[in-house]
1. Over the Cα atoms of the stretch 23-71, what radius of gyration and what Dmax do you get, in Å?
2. Leaving out ligands and nucleic acids, and using a 1.4 Å probe, what accessible area per residue does the stretch 80-136 come to in Å²?
3. Pull out a ≥ b ≥ c, the square roots of the eigenvalues of the alpha-carbon gyration tensor of the chain, then state rounded if a/c is under 1.5, prolate if not and a/b is larger than b/c, and oblate in the remaining case.
4. For the stretch 88-140, which whole percent of the accessible surface, found with a 1.4 angstrom probe, sits on carbon and sulfur atoms?
5. Put +1 on the Cβ of each Lys and Arg and -1 on the Cβ of each Asp and Glu in the chain; which of 222, 133, 193 then has its Cα farthest toward the positive end of the dipole?
6. What's the magnitude of the charge dipole for the chain around its Cα centre, counting Lys and Arg as +1 and Asp and Glu as -1 at the beta-carbon? Answer in Debye, nearest 20.
7. Work from the charge dipole of the chain (Cβ charges, +1 for Lys and Arg, -1 for Asp and Glu, about the Cα centre) and give the residue of 80, 90, 159 farthest towards its positive end.
8. Rounding to the nearest 10 and keeping the result within 0 to 90°, find how far the Cα-based axis of helix 67-78 lies from the longest principal axis of the chain.
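The values are calculated or read from the model by the stated rules, or taken from the named source; none is laboratory data. On a predicted model such as this, the values are computed, not experimentally measured, just so you know. Note that we place each Cβ from the backbone using ideal geometry, even for glycine, and neighbour counts take in every protein chain shown. All accessible areas refer to the heavy atoms of the entire protein, side chains included, with ligands and DNA or RNA removed. Shrake-Rupley method; radii C 1.70, N 1.55, O 1.52, S 1.80 Å.
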Amino acid sequence: MNDEEIRQIEKIIGYAFKDRSLLERAFVHASYANEHHVPSYERLEFLGDGVLGLIIAEMLYKTGGDEGVMTVRRSMIVSSEPLEDATLHAGLDAYIAFGNGERGNDHSDSKVLADVFEALLGAVYLDGGYNYASDLVYRLLGDRISEVARAADNVNYKGELQEYCRAHGLGEVGYELISQSAEGGRPHFVSRVTAGGITAEGEGRRKKDSERNAAKYALEKLAKRGQ
């Protein structure tokens, strides 16, 4: 990586490195590292993954919400797809160093892009500390954060579940009415949702309430499963 490329990356991310070797390493794919016997971005990626999780967790904590909702929303922000999109949108994919066998492949829809995002974040954290790392996250993921984490008094669990499954490639969400009755003259519905290989049931006085509660329990199950 030459000086001009480094300056371009620093302009994109809004941060100037003191130790430029960290920046360079953040863009070294394993295929290039193996061919040239240099460190890849994998260790920085590991660190960046943890830093990203902490930054988003802190932000969600400040917005409120229960633990289950915060866990799901964090996962929706830090999942592979938003990180890939952020890397592409910023044009950072152009600076990744691939080996000869990988260079000609299409990486426009690849986890490599998410890995580079996390590696770059890890590099910024090591070079400048938490606040600069946090600034980078908001700079590159700000739109995603606003989309997922707006404060809301009435959480749209069905929408949250749909978005969660979309972000993680878990397929379609399906709802099924299990029972309908009248308890003490009041209607009572039980619905079941199937999403991401799990099922959950919810109850309510209206069908939509039972589906909403089922979606809430499904989100909690998926979060605990660690998807």
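1. Just the Cα atoms of the stretch 23-71 yield Rg and Dmax of 16.2, 48 Å.
2. Averaged over the residues of the stretch 80-136, the accessible area is 44 Å².
3. Details: a/c = 3.45, a/b = 2.30, b/c = 1.50.
Cα axes put the chain in the prolate bin.
4. Working: 1120 of 2540 Å².
Roughly 44 percent of what the probe reaches on the stretch 88-140 is carbon or sulfur.
5. Highest projection toward the positive end goes to 193.
6. On the way: 27 positive and 37 negative charges, 207 e Å.
Value, rounded to 20: 1000 debye.
7. Positive-end residue among those listed: 159.
8. Its long axis makes an angle of about 40 degrees.
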